[in-house]
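Note sheet for the following structure.
The values are calculated or read from the model by the stated rules, or taken from the named source; none is laboratory data. What you are looking at is a predicted structure, and each value in this text was computed from that prediction instead of being measured. Backbone-built Cβ (ideal geometry, glycine too); neighbour counts: all protein chains shown. Heads up: the accessible areas ignore ligands, DNA and RNA and are worked out on the full protein's heavy atoms, side chains in. Shrake-Rupley method; radii C 1.70, N 1.55, O 1.52, S 1.80 Å.
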Amino acid sequence: MKKLIALFLCLILALPAFALADDQVEITLWTYPIGSWGNAETVDGIIKDFNAVHPEIKVTVQYLDYQSGDDQVTTAIEAKTTPDIIMEGPERLVANWGAAGKMLDISDLWADTKDDIIAASAAVEAACKNAEGVYYEYPLCMTTHCMVINYNDFEKAGALQYIDEEKHTWTTEGFLNALDALNAAGFAPTAVVYCGGQGGDQGTRALVTNLYSGQFTAPDHSAYTMDSEANIKALQLLQQLVKDGKLDADAGIVAGDEIALFCNSTISIGFCWNASAAVSNKASLAEDVKVFPMAFPSDDGVPELQGGIWGFGLFDNGDEAKVAAAKTFVKWVCDDPAQAAKSVYASGFFPTRASLGDIYAGTDKAENGEYAIFMPYLGDYYQVTPNWAAQRTEWWNLLQRIFAGGDVAAEVAVYCQNANQK
Amino acid sequence: MTTRAFPARRVVSPAMRAARRRENIAAYLFMAPSLVFFLGFVIFPMGMCLVTSFFNYTMTDFSWIGLANYVEMFQDAIFGKALVNTIVIVLVSVPVTCMFSLWVASLIYKMRDRHTSFFRCVFYLPVVTGSVAVTVVWKWIFNNYYGVLNYVFKNLGLITRNINWLGNPDYALACIITILLTTSVGQPIVLYVSALSNVDHSLIEAASVDGATNMQVFWKIKWPQVMPTTLYILVITTINSFQCFALIQLLTSGGPNNSTQTIMYYIYYNAFKLSRYGYGSAMGIILAIIIAVFSAIQFRLAKTDNG
């Protein structure tokens, strides 16, 4: 009798597995912490809503971080245990794993939304495909990375005159005057050029390239062009500012540490900021910090900001049913009329579809909408240039060498030689 | 003159032979689980590492290149820097860890059990805390802007302005070694306390009665008896120091200017960041050889009659 009961219980326990095998397709999603897409509560809510419409697809989520996420994906690629869907940007989906032949061509997802995406930003569409026109990313959201100042410090130092408060822009000359004013008013350290690692390096890259309107790569993304006259001049300027004590450089910190210094009022200017950072750091702001986002200073006052584009890519796991289920999920998240805006809202960034309009108006994140002012300054998405991963390490090493007193031209030559090595 | 008696050749019956075979089989069966793990997770990966070191193994390629990875490695200036840094870490941290542990253990092993246990816990705490938590605390201590170390040193009048401990090539490696020491001394202290407690007290008493000083008692009685423990600690600490990785990854990423670059971190960087698995494997092989040589030297130098 006991044996019969045990067998019966086993059968009951096994039933869901049989049911799953018959009816449900199980897919896995790996996501980097793109706003609240790194938050289990938010993502579980999205999946719950998805399952209300598509109960036949079960989505399992794994959360990655930027410290070790790439390592986990690399390991999964070699072990052939990659997820069905991964959420990140073109520098990984297109330029890295796509170029290595690990991603699926998802051009079919673009069929009915391509015009809408191009209407939002042609740069987004261009970044999501390779040179042959194969799409490896289906975009969800985008932003421009900017910098931030403590409005209160600027006001006290009489430095507000050097910024365009309406456009949130300033010139290189204005930036230098502001540093002088802040230093004279005792707000030292004013800012820190962080170079302890690759975290948040978009900030230091944008700082350097904007000062004299240089370009980080060739227009066709075939080479890194830090050795241009404009870029060398910018690096020499920063080196001099550090030598003069008007600016700090720190090889011991990365962007996260720099943001903490800004939030606790140690520094008045931060070089790594965006709409999502504004939300996530709101609770940690010191009392005397008033966040005022700014574009990077440029000689002509017209900045060229680096963009962030996030969306979904599909790994080729050789299972047609899973591929179809993954595409259904991605399409629902990005384009379902009732869900698309919510999916973007969770990221804290801006929609890559013009039809979605301003998704933040009248919401708890209304201030995120203010960062849309920077979208017209969205520059070239150069992160798809070959050798990107190696270049990132070369970049912060270059800054370390320069701020340790190295000759700028010579150090830049070393950087270009290493970064452009095929 | 003595004559050596050779034992007569014993005749082994078939029944005894069968019993012995059964015993052997049983022994191998008991050993099998750990042997499978050892072969699968140690020997096989080591073999794979050796094989892939002869290939240009990346995310898109797997082609035979012979010794090219090894040739490149010895022309790679960063690898050279990493090798020197690693050896510096080993040469500083291993003797300091051993001496400090022995000193602390010799002070606390004579205390009451309760006090000895308390100190054992204190020194073992960084070991069980986990490297991430320890590293976060140390990062805060070394912070350039609001770190405790700068605050204390400035108040003591030792420095006049903040020092960027982890951002300055002159200090960064010393900081890494300091943190490594705090996480390394726990186990050796526990082992030395145990070893010193097991030293034969009758020998110590006899030596004292004969007029031996404390130093003589230590070097002539205690030191030889704790030598097997010392050898174990030397080997383990050497291997751990050679494989210093988490601290580097969490604190400096090998910088500034490669001043804290170690072989382990450089292997990780090449294998996981650049997907150059073959090159990383070649460096792993060289690291294994270096560790084996160091360990062999230590075994040779610390060899005793009883251990």
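Restricting attention to the stretch A:94-118, the residues that are of a type in the set (A, V, I, L, M) and over 21 Å from the mean Cα position of the chain (by Cα) add up to 5. The single residue among B:Trp140, B:Trp165 that is surrounded by fewer than 19 Cβ atoms within 10 Å (Cβ to Cβ) and either under 30 Å from B:Thr229 (Cβ atoms) or within 14 Å of another protein chain (Cβ to nearest Cβ) (or both) turns out to be B:Trp140. When A:Met142 is tested against the conditions (1) in a strand (DSSP E or B); (2) among the aliphatic types (A, V, I, L, M); (3) over 30 Å from A:Gly174 (Cβ atoms); (4) modelled with pLDDT under 95, the lone failure is (3).
The residues listed here are B:Leu156, B:Leu125, B:Leu181, B:Leu107; of these, the one that is within 23 Å of the chain's Cα centre (by Cα) and open to solvent by 80 Å² or more (accessible area, probe 1.4 Å) is B:Leu125. Being out of contact with any Cys (no Cβ under 9 Å at 6 or more places or on another chain), open to solvent by less than 60 Å² (accessible area, probe 1.4 Å) and modelled with pLDDT under 90: is that true of B:Ser117 here? The answer is yes for B:Ser117.
Please find, among A:Glu173, A:Glu155, A:Glu165, A:Glu132, the residue that is closer than 30 Å to A:Cys334 by Cα and open to solvent by 30 Å² or more (accessible area, probe 1.4 Å).
Of A:Glu173, A:Glu155, A:Glu165, A:Glu132, the one residue that is closer than 30 Å to A:Cys334 by Cα and open to solvent by 30 Å² or more (accessible area, probe 1.4 Å) is A:Glu132.
A single entry from B:Ile289, B:Ile239, B:Ile263, B:Ile297 fulfils the requirement of being in contact (Cβ under 8 Å) with a residue 40 or more places away in the chain, open to solvent by 30 Å² or more (accessible area, probe 1.4 Å) and within 24 Å of B:Met46 (Cα to Cα): B:Ile239. Counting only residues that are aromatic (Phe, Trp, Tyr) and in contact (Cβ under 8 Å) with a residue 40 or more places away in the chain, the stretch B:220-236 holds 1 of them.
Applying the set (1) away from chain A (no Cβ under 14 Å); (2) assigned to a helix (DSSP H, G or I); (3) of a type outside the set (D, E, K, R) to B:Leu158 leaves exactly one unmet item: (2).
Screening the candidates B:Ile65, B:Ile89, B:Ile78, B:Ile43 for the property of being surrounded by 11 or more Cβ atoms within 10 Å (Cβ to Cβ), away from every other protein chain (no Cβ under 14 Å), of a type in the set (A, V, I, L, M) and under 28 Å from B:Asn257 (Cβ atoms) yields one hit, B:Ile89. Candidates A:Ala325, A:Ala295: the one that is within 27 Å of A:Val43 (Cβ to Cβ) and at pLDDT 95 or above is A:Ala325. Of all residues in the stretch A:385-402, those being among the aromatic types (Phe, Trp, Tyr) and more than 9 Å from chain B (Cβ to nearest Cβ) number 2.
With respect to A:Val193, is the statement that it is surrounded by fewer than 24 Cβ atoms within 10 Å (Cβ to Cβ), assigned to a helix (DSSP H, G or I) and either within 14 Å of chain B (Cβ to nearest Cβ) or within 25 Å of the chain's Cα centre (by Cα) (or both) true? So A:Val193 fails the test.
Residue under question is A:Tyr382, and the condition is that it be more than 14 Å from chain B (Cβ to nearest Cβ) and over 20 Å from A:Ser276 (Cα atoms); does it hold? Yes: the conditions hold for A:Tyr382. Within the stretch A:81-113, the residues that satisfy the criterion of being out of contact with any strand residue (DSSP E or B) (no Cβ under 9 Å at 6 or more places or on another chain) and either without any contact (Cβ under 8 Å) to a residue 60 or more places away in the chain or outside any helix (DSSP H, G or I) (or both) are A:Thr81, A:Ala99, A:Ala100, A:Gly101, A:Ala111, A:Asp112. Comparison of B:Val209, B:Val217 shows that the only residue that is without any contact (Cβ under 8 Å) to a residue 24 or more places away in the chain and open to solvent by less than 50 Å² (accessible area, probe 1.4 Å) is B:Val217.
A count restricted to the stretch A:367-381 and to residues that are assigned to a helix (DSSP H, G or I) and surrounded by 22 or more Cβ atoms within 10 Å (Cβ to Cβ) stands at 3. For A:Thr363, the conditions (1) surrounded by fewer than 18 Cβ atoms within 10 Å (Cβ to Cβ); (2) under 16 Å from the mean Cα position of the chain (by Cα); (3) of a type outside the set (A, V, I, L, M) are fulfilled apart from (2). Restricting to the stretch A:59-80, and then to whatever is in a helix (DSSP H, G or I), among the hydrophobic types (A, V, I, L, M, F, W, C) and more than 10 Å from chain B (Cβ to nearest Cβ), can you tell me which residue is most open to solvent (accessible area, probe 1.4 Å)? Here the residue is A:Ala79.
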